[in-house]
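What follows is a set of notes on a single structure, which appears directly below.
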Amino acid sequence: MSEVLDRSLAPSGERKMAWAWRYMPLLQSIAADFDRDRPLAGLTVAVSLHIEAKTANLCRLLQRGGAEVHVTGCNPLSTQDDVAAALAEGMDVHAIHGCSKADYDRFVLAVLDSKPDLIIDDGGDLVGALHLQRQDLIPKLIGGCEETTTGIVRLLAMEREKALRFPMIDVNDAQCKHFFDNRYGTGQSVWDGVNRATNLIVAGKTIVVAGYGWCGRGIAMRAKGLGARVIVTEIDPVKAIEAVMDGFDVMTMDEAAPLGDVFITATGCRDVITPKHFGEMRDGALLANGGHFNVEIDVEWLEKNASATIPGRTDVTKGYVLANGKTVFVLADGRLVNLASGDGHPVEIMDMSFAIQALSTAHLTKHRDLSPAVHAVPQEIDTEVAKRWLNASGKNIDVLTDAQKKYLNSWGTL
Ligand code: NAD
Ligand code: ADE
């Protein structure tokens, strides 16, 4: 039986889902195909994703493909209780905003109790539980799809150690995923989350972005567009040069700590902003995280060592008074600020990411002999999603003529 906060919230969740669906032409077109082909008929899918309206539409799409769907969140603060309630009208849902770690872990195991044939993971919690607690379920599993960079990092570590026991499709590294979701999606939604939590101006501020990968680039680009001065911190020399050539200042976090008004981490790494940095920061500095786990900013240390805490503007912002008398504010408990303090990525972005999820899940059902490894999304799916996106946007592109194709495949003469 579903575990959600309050079933009476369903109408609000339903309204959010209907709004999002209107702007999800790719999922709409896949729904028409799924209604006809029923690629998931007779199969059970366990899902661990951020429970908000776009995700809920993906879950309903999987049902239209014939699947029995069991859903949990992938972060205790990203679940929207009204959406969870709406989804629970038609499927098994275990997700409550702000739930304890014990409940979060219990919910992950609850969806696995459905004995899934397929999984969709965001960050690797389903895969982790299957390998560490429910190995008995692995023989039935066809495979799964992973949504985010951090989940892929974990899967690749498992693959290297020969620990991974079923195929996982790397949705994150499809071009139509990370080019748009990680860069433009995070770029917009992180600022949406920060703005909702603070109601402060970005123009004229000094923003420190930790990590200049796909997400960091988007966050820095949009900060610049909003009129901020941007400092980037990196560990990769090539990414650091890219940031310099994109017009940003590059330095270490030690050097940036006293300069920033707002700090945003997007590294997928741990201990990026630590006690030595807190002590150097300006009074009132704002700290937010866009990376998957809440390990980038050492919030645990602040919780233990702050001389006092003060409430922020919203219930997910807290000020920590330090021994030097200054206060630093952490947004959204150091969890993904765009999802804990906002609605996640814009609808059109998740339409593309979830189109890849849906088509990759269907792909797994037709290719049941994949090895227990991390597999790239087939190029045909990436291309198909790009074509559907352009078609839905009314954009045409040129097509190579035979002479052009011949020219591009020739050598020696022009
Ligand atoms: P990426 O690998 O493209 O970029 C990460 C960058 O951080 C790299 O350039 C790396 O060199 C740098 N880095 C690593 N450790 C560092 C450190 N200690 N200090 C400074 N820089 C460091 O990854 P990405 O796709 O940008 O994803 C980053 C994180 O964001 C991951 O945890 C991912 O799962 C998450 N993510 C979040 C959202 C969201 O909605 N908030 C969306 C997509 C991805
Ligand atoms: N909404 C649902 N899943 C999301 C994700 N992985 N990133 C951003 N927004 C989302």
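The values are calculated or read from the model by the stated rules, or taken from the named source; none is laboratory data. As the structure is a prediction and not an experimental result, all values here were calculated from the model. Because the Cβ atoms are built from the backbone with ideal geometry, glycine has one as well, and the counts that use them run over all protein chains shown. Surface areas here come from the heavy atoms of the whole protein model, side chains and all, with no ligands, DNA or RNA. Shrake-Rupley method; radii C 1.70, N 1.55, O 1.52, S 1.80 Å.
General observations
- Averaged over its residues, the chain has an accessible area of 45 Å² per residue, based on protein heavy atoms and a 1.4 Å probe.
- Cα gyration tensor of the stretch 10-160 - equivalent ellipsoid semi-axes, whole Å, descending: 24, 19, 14
- Protection proxy ranking, peptides 305-316, 47-58, 143-154, 123-134, average beta carbon neighbours within 10 Å, highest first: 47-58, 143-154, 123-134, 305-316
- When peptides 35-41, 335-341 are sorted by average Cβ neighbour count within 10 Å, with the highest value leading, the order is 335-341, 35-41.
- Projecting the Cα atoms of Gln404, Ile142, Val171 onto the dipole axis of the chain, where Lys and Arg carry +1 and Asp and Glu carry -1 at the beta carbon, places Gln404 farthest toward the positive end.
- Cα pair distances exceeding 19 angstrom across the stretch 187-346, given as percent: 47
- Packing-based ranking of 383-394, 108-119 yields 108-119, 383-394, ordered from highest to lowest mean Cβ neighbour count within 10 Å.
- Stokes-Einstein translational diffusion, the stretch 52-131 - Kirkwood Rh over all Cα pairs, 1.567 mPa s, 4 °C, in µm²/s: 102
- Apportionment of accessible area to carbon and sulfur, the chain, percent (1.4 Å): 54
- Most mobile listed residue (Ala32, Ala355, Ala95) in the chain, GNM with C-alpha springs under 10 Å: Ala32
- Using Cβ point charges alone (K and R +1, D and E -1), the dipole size of the chain about the Cα centre works out to roughly 520 debye.
- Cross-link check: pairs Lys224/Lys318; Lys16/Lys239; Lys224/Lys326; Lys16/Lys205; Lys101/Lys318 evaluated at a Cα-Cα cut-off of 29 Å; pairs beyond the cut-off: Lys16/Lys239; Lys16/Lys205.
- Once the chain from Ile235 to Leu109 is taken as fully extended at 0.36 nm per residue, the excess over their C-alpha distance is 41.7 nm.
- Put simply, the amide H of Ile169, placed in the peptide plane, has neighbours under 5 Å in Gly144, Cys145, Glu146, His375, leaving out anything fewer than 5 places away on its chain.
- ³J(HN,Hα), Karplus 6.51/-1.76/1.60, whole Hz, each residue of the stretch 304-320, x for Gly, Pro: 7, 10, 5, 6, 7, 10, 10, x, x, 6, 10, 5, 9, 10, 9, x, 10
- The stretch 104-157 - convex hull of the alpha-carbon atoms, volume per residue in Å³: 76
- Kyte-Doolittle at least 0.0, axis length at least 15 Å by Cα - qualifying DSSP helices, the chain: 101-112, 149-160, 347-366
- Full extension of the chain segment joining Glu255 with Gln133 gains 39.6 nm, where the gain is 0.36 nm per residue of separation less the Cα-Cα distance.
- In order through the stretch 171-184: 3J(HN,Hα) via Karplus (6.51 cos²θ - 1.76 cosθ + 1.60), integer Hz, x for Gly, Pro: 5, 3, 8, 4, 4, 6, 9, 5, 4, 10, 5, 5, 7, 6
- Accessible surface of Glu255, taken over heavy atoms with a 1.4 Å probe and every protein chain present, rounds to 100 Å².
- Which of Ser29, Cys99, Thr361, positive extreme of dipole for the chain (C-beta unit charges): Ser29
- In summary, the lysines within cross-link reach of Lys366, defined as a Cα separation below 18 angstrom excluding same-chain residues under 8 places away, comprise Lys140.
- Residues whose placed amide H lies under 5 Å from that of Lys205, excluding near-sequence neighbours: Arg229
- For the stretch 1-81, radius of gyration divided by Kirkwood radius, i.e. Rg to Rh on alpha-carbons: 0.97
- Look at the Cα gyration tensor of the stretch 309-378: its axes a ≥ b ≥ c give a/c of at least 1.5 with a/b over b/c, and that counts as prolate.
- Interchain or long-range residues, amide H under 5 Å from Val250's placed H: Val232
- Label-reachable residues, the stretch 25-49, where backbone N falls under 15 Å from a point 7 Å from Lys366's Cα toward its Cβ: 30-31, 33-41
- Summing charges over neighbours of Asp121, with a neighbour being any other residue whose Cβ is under 13 Å away from its Cβ, gives -4 when K and R count +1 and D and E count -1.
- Heavy atoms of Cys215 accessible to a 1.4 Å probe, total area in Å² rounded to 10: 30
- Each label point was placed 7 Å from the Cα along the Cα-to-Cβ direction; for Tyr23 and Glu89 their separation is 2.2 nm.
- Cα centroid of the stretch 287-330 to Cα centroid of the stretch 5-75, whole Å: 35
- Viscosity 1.306 mPa s, temperature 10 °C, Stokes-Einstein D of the chain from Kirkwood C-alpha radius, µm²/s: 71
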